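Down below is the structure, laid out as structure tokens.
Just so it is clear, none of the values below were taken in a lab; they were calculated from the coordinates. Keep in mind that this is a model prediction, so the values were computed, not measured. With ideal geometry, Cβ positions are generated from the backbone for all residues, glycine too; neighbour counts draw on all protein chains shown.
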């Protein structure tokens, strides 16, 4: 009898592979702690044990599919799993002489079903793409075994429930796309401490404040649009300046002023914060966002006069600021390739709000401090001058003769913006 026990220790299912004469026809069978196990016919011969495990995972998955209108999985039978539609094979990273399943791509298949725990047997996959299907449920705990997973695309399906914290435990994950599903609840702070390059969470049902440590994320693309986030744009926002290229926060319930340090986002090309409840003025520091190409602040409650330098940015071509309460704009805005200024409080401009509406709104001064968007929470416990470089919370020290005043705010986790430079630095090379 051959016993096989893969390292699926993070969930309770234990797999035993054995050859038994007691099984009908002497077939090999995978025994799970659930009913209806996958049976491997005795005539199937596999090139190696990894492909045998892949066969089990894919057969278990096919069994959960209740609709496959394009018959994408019609050839999912037999031991030649590398020939299955949507299955990618290559040499194993730890042994180039061993062929293994390195990816699954069933995009746009319109397949209905769910993801079984057995997919955790695909321990060598680097990409898992199933966008534009009808998969439901959530991400199985078995995915914790996918230690090489680099890209995970579950977009445009029917997944639901809380944010799948399984992804936090995937050490190699760089690309996470959960958009157009029905995930709900809060986002874990640990998500923004993860070394991701692209994060798409738009068009779900997340309801919470954006975690205050958002600025810790090294992503180049961040899309949180069309959820129900509320409250502040975190003050840690400016920390993302070295890596962030595109950020889209449109169509939420964000209600605060814009952080003063917006100008630290020197590499951002696309910034969309439209359809929120943001108030106050556009920070003057935005006039040094030298790589900005698209800026959309429509449908907020922003006011004041726009920074003179903003519409003079060399790369800015699309600026939409309609349906706010701006009272002044640089004349250079009118020479942009695309812009929208309507429904503001701009004098001598057509299609503006009525004088009565503007007066009623502008008569109430904006108090940005009232939103209490400062300080950043990660410095609560230790005294400000004793913050650990790792950012991990530490035990409170014994009382000292000169403790800091209780009302003293935590210092920001990033340096304040420098004074305006005498000469602009060369623009950083953008990544596609």
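Which part of region 213-241 falls in the paramagnetic zone of residue 301, meaning amide N under 16 Å from the point 7 Å along Cα-to-beta-carbon? Under cut-off, by backbone N: 230-233. Taking only Cα atoms of region 45-322, what ratio of Rg to Rh do you get with Rh as the Kirkwood inverse-distance radius? Ratio value, two decimals: 1.06. Global dimensions of region 179-321 from alpha-carbon coordinates: Rg and Dmax equal 14.2, 42 Å. The alpha carbons of region 96-181 give a radius of gyration and a Dmax of 12.3, 41 Å, in that order. Within region 113-143, list the residues whose amide N lies under 17 Å from a label point set 7 Å along Cα→Cβ of residue 88. From region 113-143, the list is 122-132. All C-alpha to C-alpha distances of region 157-247, sorted into 10 Å bins beginning at zero, yield P(r) values of 17, 54, 27, 1 percent in whole numbers.
With R₀ set to 25 Å, the beta-carbon distance separating residue 367 from residue 228 gives a calculated FRET efficiency near 0.50. For residue 186 and residue 43, what is the calculated FRET efficiency with R₀ set at 60 Å and r taken between the beta-carbons, to the nearest 0.05? Once rounded, the FRET efficiency stands at 0.75.
Subtracting the Cα-Cα distance of residue 260 and residue 97 from 0.36 nm times their residue separation leaves 53.1 nm of extension gain. As a proxy for reagent exposure, ranking 289, 65, 349 by other Cβ atoms within 10 Å from fewest up yields 349, 65, 289.
Rounded to the nearest 0.05, what FRET efficiency is calculated for residue 207 and residue 342 with R0 set to 30 Å and r the Cβ-Cβ distance? Mind showing how you got there, number by number?
Details: r = 31 Å, r/R0 = 1.05.
Once rounded, the FRET efficiency stands at 0.45.
From least to most packed, judged by other beta carbons within 10 angstrom and beginning with the fewest, 194, 209, 242, 364 follow the order 364, 242, 209, 194. Among 197, 348, the order by Cβ neighbours within 10 angstrom, fewest to most, reads 348, 197.
Stretched out straight at 0.36 nm per residue, the stretch from residue 67 to residue 80 would grow longer than its current Cα-Cα span by 2.4 nm.
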